[in-house]
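The values are calculated or read from the model by the stated rules, or taken from the named source; none is laboratory data. Everything quoted here is computed from the prediction, not taken from an experiment. We place every Cβ from the backbone using ideal geometry, glycine too, and count neighbours over all the protein chains shown.
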Amino acid sequence: MNSQPEPINSLRLVFAGTPEFAAAHLSALLAAGLDIVAVYTQPDRPAGRGQKLATSAVKQLAVQHGLPVYQPQTLRDADAQAQLAALKPDLMVVVAYGLILPQAVLDIPRLGCINSHASLLPRWRGAAPIQRAIEAGDSESGVTVMQMEAGLDTGPMLLKAATPISCSDTGGALHDRLAELGPPAVIEAIRGLASGSLHGESQDDSQATYAHKLGKADARIDWARPATELDCMIRAFNPWPLAHARWQDQPLKVWQAIPEEGDGEPGQILDCSRSGLLVACGEQALRLTRLQLPGGRPLDFADLYNARREQFTVGSLLGNGL
């Protein structure tokens with residue numbers, strides 16, 4: 001007699017994640033009726049101007065659902081590992097957790113640990129795959145569900161879900177789309193692992209690229225670069241860390257821009273109209289259509305034009321970001 005596949009709602013799952021992208025996955029697992037016996041997330045950290053302790057999106061959701069929450073500083077010490085082992089998990093689902101899982105942790109769940117990673121592996125292993133894909137001008141992105149191993153995003157691939165990257169996609173828009181693609185893929189992977197029908201495919205390490213962690217320095221505009229490259233960068237780093245230049249020796253944040261034909265000294269204002277501020281680049285030009293001035297909020301340039309157009313003089317120069 002053939003044994004029946006194990007029902008996925010009988011599995012004891014531990015979920016590990018931190019930001020909104022991870023919370024979307026946890027929400028879907030709960031909606032699917034899966035048994036989440038514990039949630040791991042990063043420790044509360046100071047945030048904002050007041051530096052008050054802030055809880056992660058995953059912790060907030062877990063608390064709402066009355067789930068046990070664990071927030072170890074590391075999973076490398078024996079006490080944290082013993083605490084996890086005591087939960088007797090069948091599977092650990094990891095999504096943008098932010099802590100390294102050593103081999104001793106990976107070995108605890110009966111079915112191992114799986115990860116939902118926001119790229120089409122082996123492209124864009126690492127911390128910022130969504131933004132780096134747009135910055136590089138990639139034509140598509142997606143989510144890869146993989147079986148975790150000790151290397152950084154190097155494990156066997158279980159499932160992929162792809163989506164095209166349009167010429168208007170921002171980091172925020174692609175993030176939200178991948179946060180919808182990932183959870184169904186994770187649930188399908190859990191179902192395949194429980195039935196024994198899903199097996200991983202090894203990654204081709206020669207095709208791997210690394211998505212370095214984002215910092216404000218990454219978003220510095222250098223007007224000597226081609227307009228098409230700056231367009232990708234501006235979209236990639238919207239809403240964070242936001243591309244920035246200099247205007248009247250003050251920071252100017254650029255939320256949206258459109259590549260156009262134009263020629264002049266890099267940084268030179270070629271045109272100022274309600275349709276935007278046209279700025280020369282190393283190749284072609286960018287029409288800046290949504291900006292944030294120091295101390296202000298993001299505004300369409302049409303609104304800035306009405307109030308401050310005399311301050312954007314044709315022929316003057318915008319500086320590079322700092």
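In the stretch 69-168, which strands (runs of 3 or more DSSP E) lie fully inside it and hold 2 or more residues that are within 24 Å of Arg235 (Cβ to Cβ)?
Numbers: elements: 91-95, 113-117, 140-147, 157-164.
Once the strands (runs of 3 or more DSSP E) in the stretch 69-168 are filtered for at least 2 residues that are within 24 Å of Arg235 (Cβ to Cβ), what remains is 113-117, 140-147, 157-164.
Quick check on the stretch 225-241. Is at least one of its residues among the aliphatic types (A, V, I, L, M) and assigned to a loop (DSSP other than H, G, I, E, B)?
Initial filter on the stretch 225-241 (among the aliphatic types (A, V, I, L, M)): 227, 230, 233-234, 236.
Filter once more, keeping what is assigned to a loop (DSSP other than H, G, I, E, B): none.
Within the stretch 225-241, none of the residues are among the aliphatic types (A, V, I, L, M) and assigned to a loop (DSSP other than H, G, I, E, B).
Which residue is farthest from the chain's Cα centre (by Cα), if the candidates are limited to the stretch 296-322 and must be more than 20 Å from Ala217 (Cα to Cα) and among the small types (Gly, Ala, Ser)?
The qualifying residue farthest from the chain's Cα centre (by Cα) is Gly315.
Among (1) touching a Lys or Arg at 6+ places or on another chain (Cβ under 7 Å); (2) of a type outside the set (A, V, I, L, M, F, W, C); (3) outside any loop (DSSP other than H, G, I, E, B); (4) buried (at least 20 other Cβ atoms within 10 Å of the Cβ), there is one condition Pro46 misses while meeting the rest; what is its number?
(4)
Would you confirm whether or not the stretch 75-87 contains a residue that is assigned by TED's automatic domain parsing to the domain that holds Arg132 and within 29 Å of Gly171 (Cβ to Cβ)?
Looking only at the stretch 75-87, we keep the residues that are assigned by TED's automatic domain parsing to the domain that holds Arg132, and these are 75-87.
Narrowing the set further to residues that are within 29 Å of Gly171 (Cβ to Cβ) leaves 75.
Yes, because at least one residue in the stretch 75-87 is assigned by TED's automatic domain parsing to the domain that holds Arg132 and within 29 Å of Gly171 (Cβ to Cβ).
Could you please find all residues in the stretch 7-18 being touching a residue at least 60 places away in the same chain (Cβ under 8 Å) and either in contact with a Gly (Cβ under 8 Å, 6 or more places away or on another chain) or assigned to a helix (DSSP H, G or I) (or both)? Talk me through it step by step, then tell me what you get.
Narrowing the stretch 7-18 to residues touching a residue at least 60 places away in the same chain (Cβ under 8 Å): 7-8, 11-18.
Those that are touching a residue at least 60 places away in the same chain (Cβ under 8 Å) and either in contact with a Gly (Cβ under 8 Å, 6 or more places away or on another chain) or assigned to a helix (DSSP H, G or I) (or both): Ile8, Thr18.
Suppose we filter Leu270, Leu299, Leu288 for residues that are aliphatic (A, V, I, L, M) and over 23 Å from Glu229 (Cβ atoms); which single one remains?
Details: Leu270 fails: over 23 Å from Glu229 (Cβ atoms); Leu288 fails: over 23 Å from Glu229 (Cβ atoms).
Exactly one residue qualifies, and that residue is Leu299.
In the stretch 68-97, which residues are surrounded by 14 or more Cβ atoms within 10 Å (Cβ to Cβ) and in contact (Cβ under 8 Å) with a residue 40 or more places away in the chain? Steps first, answer last, please.
Filtering the stretch 68-97 for residues surrounded by 14 or more Cβ atoms within 10 Å (Cβ to Cβ) gives 69-72, 75-76, 80-81, 83-85, 87, 89-97.
Once the filter is applied, which keeps residues that are surrounded by 14 or more Cβ atoms within 10 Å (Cβ to Cβ) and in contact (Cβ under 8 Å) with a residue 40 or more places away in the chain, the stretch 68-97 yields Leu84, Leu87, Pro89, Asp90, Leu91, Met92, Val93, Val94, Val95, Ala96, Tyr97.
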